[in-house]
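Reviewing the structure listed below.
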Protein chains: 2
Amino acid sequence: MGVAVLGLGTVGIGVVDILSKNRAMIFNRSGVDLEVRKVLVSNPNKKREIDLAKDMFAKDIEEILQDDEIDVVVELIGGLSPAKEYIIKALEAKKAVVTANKAVLAHHAAELFAVARKNNVPLYYEASVGGGIPLITPLTESLVGSNITSVMGIINGTTNYILTKMSTEGSSFEEVLAEAQRLGYAEADPSADVDGLDAAHKLVVLIALAFDTHIKLSDVHCEGIRKIDPMDIKFARDFGYAIKLLAVGKKTDLGIEARVQPTLIPLHHPLASVNNVFNAVFVESEEVGEIMLYGRGAGRYPTASAVVGDIVSAARILSGAKSQLPRKFAMGSAVSVKKTVGCYYIRLMVEDRPGVLGEIANILGQNNVSVASVIQEGRAQDQVPLVFLTHEVNYGSLEKGLELIGRLPCVREIANVIRVERGY
Amino acid sequence: MGVAVLGLGTVGIGVVDILSKNRAMIFNRSGVDLEVRKVLVSNPNKKREIDLAKDMFAKDIEEILQDDEIDVVVELIGGLSPAKEYIIKALEAKKAVVTANKAVLAHHAAELFAVARKNNVPLYYEASVGGGIPLITPLTESLVGSNITSVMGIINGTTNYILTKMSTEGSSFEEVLAEAQRLGYAEADPSADVDGLDAAHKLVVLIALAFDTHIKLSDVHCEGIRKIDPMDIKFARDFGYAIKLLAVGKKTDLGIEARVQPTLIPLHHPLASVNNVFNAVFVESEEVGEIMLYGRGAGRYPTASAVVGDIVSAARILSGAKSQLPRKFAMGSAVSVKKTVGCYYIRLMVEDRPGVLGEIANILGQNNVSVASVIQEGRAQDQVPLVFLTHEVNYGSLEKGLELIGRLPCVREIANVIRVERGY
């Protein structure tokens, strides 16, 4: 299947890269063999992070539309025009379209979808909200039988980064914004992010899917985060809340509520621990209750991966039913846990007398078990817990050490040995 | 499209119910009109929570296989036999199969998938892992172009409930298990849950999808939670960790690691705040980084909703490309924020003198704004913050109250009015 990419910015380069690097894996998983045949850019001579053959640059959109070998057109130009016109032309040329363009969807989804239906070709847009987080597909497919009652999302990474930093460092909005601009997390003109417009675009897309209703962008009540003071974050925490820029869509008796605004959310709510540039969408439905989908809402490869998922889905549909079948798996086996390397929590029950820690620590050291932390609590009882957290160790070495420790007269019991995941 | 349901237990009843109740919505969203035509149960005369016409009960599997009006067979019998045989027969009769059966997949996925491919019909299994959480679809479709490096899941609700209660109440495993059994969160024979076997089944399914490799169930290193003592939970927290029963699949230089075991996970890790019966799967990939999918891992309607999502996907494929097109949306509008009801955080900057709180509280009360909490901090400065958290209030009333408050001589500034989401 042939693919054309319109626009070679951050995401476009990522898409071309993934499709080329992972071509065999994608074919093995999906049964579709994808090749980027053409790209369309305004200036083919611009220096880019990717080298493409000269003949891959289409001279105009017509060249792509008329190319019978191109099945899927990927729109990564962004903005309203010419993105909208190109999407419509591609659909009318019976090509599947994949877009990451939240603006064009927020303004024209109903019209674009009608054109897709009329021409009987797929139009996919997983990357338009939440970057690499699977959102559109779960909402469209997994929840197709569910009555969604609300969607609440942290769907702008820049503002979430700023609020997180203000929260952890107590700094002002202006200070953190300046830092975010230095680090490239915020644009020179940050208003689309910090005033909530970016999130409002995405909310319109989410509301359409959740409530089967396309609302106007101007219907979204939109407030940004400029007015949030570190003092507000502190008071909110005193009340038991975090402040997040939430995009909220709700079905109420009055109709659909649609708002993007700084919002207090209880500290125990899963959205409250979504920090830094991470995004998450929390969906409530009558049938499924609460779901949260969490991940990186932006960035070259996360977003490009979502685009590639859409390209594959579209290509599968175009190529007919056969490629929709379950994957082929290799038959394999797992590594024995004894060969694995990890950190461990070890709780021993030991005699409460001087020298015990030394004896045990020596044996651990001799067996290459390096200790990260120890808790020793005297309890004036017959036996007391002695707890270690180790650095990374081969499980075999650990077992050997523990066997020797188990034989020490001062050790009553190796009560628990628990694996530790250090996480990300 | 006709659907047959094998097995009418908790989930089966939920599927029949959702397909009937939400039939029009599903048709509108997907273009497929689904009807349950037959069910297969071992005892048709058993009293059930659902009333079905007598002629809906098939006398045996053959009746379903030979019924040309049945396109999708939903296997909700569970266990290995006759579930496996029925799935194979249905696939060979060219019917799409949807199953929620993690056991049959953990043992026979490779064989079943081969049969599906050979017969060119879909075999879907979203509900087999994580109940209502979209997991299989995102892994299969959205991440098709991504190299997954690890999956870590809390995929057994019973054990997560027990560990959460042990953690919050300091109770022993035995005490909490007994309570969970009373509440119906744990089975009379809890061993499949508490010894990790249920999670191991699901891990085999996740590993197959993540690493394109089917491993044997016996390859999973499997430890349960019986040995965890409240003391361990406390010491883990002292070290900065929570203890969770994690199912972990990792691609390492040595091969695939596959283990289900109690695991220490840093308190700041998103999995550490997955509590009670909630499930979550954390996926890391080279392209997308970290993703977490969170929700209810069991229960009638969450699981049935996942099954219905699969039925729709299968039916769409069987009915050809046309129904894969973008949804039709109604054109709608959102309610004005002024009409909505919510709780608010209000920060005023006021003169630091006696009586100010009373004046302001009076006006709030007169405008039906009920105050939930107040923070008043004297700072011996010209102006001090006075912060309110309100109960639910109509935004219009609040605005009116705030306008009057803004006119008070003691009020220097209405510094911030922030919406509160109370959450779930």
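The values are calculated or read from the model by the stated rules, or taken from the named source; none is laboratory data. Since the structure is predicted, the reported quantities are computational estimates derived from the model, not experimental observations. So basically every Cβ, Gly included, is an ideal-geometry build from the backbone, and we count neighbours across all protein chains shown.
Per the conditions (1) assigned to a helix (DSSP H, G or I); (2) at the interface with chain A (Cβ under 7 Å from one of its Cβ atoms); (3) in contact with a strand residue (DSSP E or B) (Cβ under 7 Å, 6 or more places away or on another chain), the sole criterion not satisfied by B:Asp310 is (2).
Here A:Ala24 qualifies as under 29 Å from B:Leu143 (Cβ atoms) and either within 14 Å of chain B (Cβ to nearest Cβ) or surrounded by fewer than 18 Cβ atoms within 10 Å (Cβ to Cβ) (or both). Within segment B:330-351, restricting attention to residues that are in a helix (DSSP H, G or I) and either more than 8 Å from chain A (Cβ to nearest Cβ) or not hydrophobic (A, V, I, L, M, F, W, C) (or both), the residue that is nearest to B:Met25 (Cα to Cα) is B:Lys339.
For the residues B:Val36, B:Val11, B:Val3, the requirement of being among the β-branched types (Val, Ile, Thr) and under 15 Å from B:Arg316 (Cβ atoms) singles out B:Val3.
Looking at B:Arg327, is it part of a loop (DSSP other than H, G, I, E, B), in contact with a helix residue (DSSP H, G or I) (Cβ under 7 Å, 6 or more places away or on another chain) and at the interface with another protein chain (Cβ under 10 Å from one of its Cβ atoms)? It is true that B:Arg327 is part of a loop (DSSP other than H, G, I, E, B), in contact with a helix residue (DSSP H, G or I) (Cβ under 7 Å, 6 or more places away or on another chain) and at the interface with another protein chain (Cβ under 10 Å from one of its Cβ atoms).
Total residues in segment A:249-263 satisfying the condition of being within 8 Å of chain B (Cβ to nearest Cβ), of a type outside the set (Ser, Thr, Tyr) and either surrounded by fewer than 24 Cβ atoms within 10 Å (Cβ to Cβ) or in contact with a Cys (Cβ under 8 Å, 6 or more places away or on another chain) (or both): the figure is 6.
For segment B:264-283, the tally of residues that are more than 7 Å from every other protein chain (Cβ to nearest Cβ) and either part of a loop (DSSP other than H, G, I, E, B) or under 23 Å from B:Lys102 (Cβ atoms) (or both) stands at 13. Condition test on B:Pro354, is it at the interface with another protein chain (Cβ under 9 Å from one of its Cβ atoms) and in a loop (DSSP other than H, G, I, E, B)? No; evaluated as a whole, the condition is false for this residue. Annotation: of all residues in segment A:389-421 being within 13 Å of another protein chain (Cβ to nearest Cβ) and of a type in the set (Val, Ile, Thr), the one that is surrounded by the fewest Cβ atoms within 10 Å (Cβ to Cβ) is A:Ile414.
Number of residues in segment B:353-367 that are under 12 Å from B:Pro385 (Cα atoms) and either surrounded by 17 or more Cβ atoms within 10 Å (Cβ to Cβ) or at pLDDT 95 or above (or both): the value is 1.
Just one of the numbered conditions (1) over 26 Å from A:Val308 (Cα atoms); (2) within 13 Å of chain A (Cβ to nearest Cβ); (3) in contact with a helix residue (DSSP H, G or I) (Cβ under 7 Å, 6 or more places away or on another chain) is not true of B:Gly145: (1).
Let's see how each residue does on (1) closer than 25 Å to A:Val41 by Cα; (2) not β-branched (Val, Ile, Thr); (3) not assigned by TED's automatic domain parsing to the domain that holds A:Pro230:
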residue: A:Ala96; (1), (2), (3): yes, yes, yes
residue: A:Ala100; (1), (2), (3): yes, yes, yes
residue: A:Val115; (1), (2), (3): yes, no, yes
residue: A:Pro122; (1), (2), (3): yes, yes, yes
residue: A:Met152; (1), (2), (3): no, yes, no
residue: A:Tyr161; (1), (2), (3): no, yes, no
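Look at (1) surrounded by 12 or more Cβ atoms within 10 Å (Cβ to Cβ); (2) out of contact with any helix residue (DSSP H, G or I) (no Cβ under 6 Å at 6 or more places or on another chain) and you find that A:Ala53 fails only one, number (1). Between B:Thr137, B:Thr213, which is under 18 Å from the mean Cα position of the chain (by Cα), farther than 20 Å from B:Thr263 by Cβ, facing chain A (nearest Cβ under 8 Å) and β-branched (Val, Ile, Thr)? Among B:Thr137, B:Thr213, only B:Thr137 is under 18 Å from the mean Cα position of the chain (by Cα), farther than 20 Å from B:Thr263 by Cβ, facing chain A (nearest Cβ under 8 Å) and β-branched (Val, Ile, Thr).
The residue of segment A:285-301 that is surrounded by the most Cβ atoms within 10 Å (Cβ to Cβ), among those that are among the acidic types (Asp, Glu) and within 7 Å of another protein chain (Cβ to nearest Cβ), is A:Glu287.
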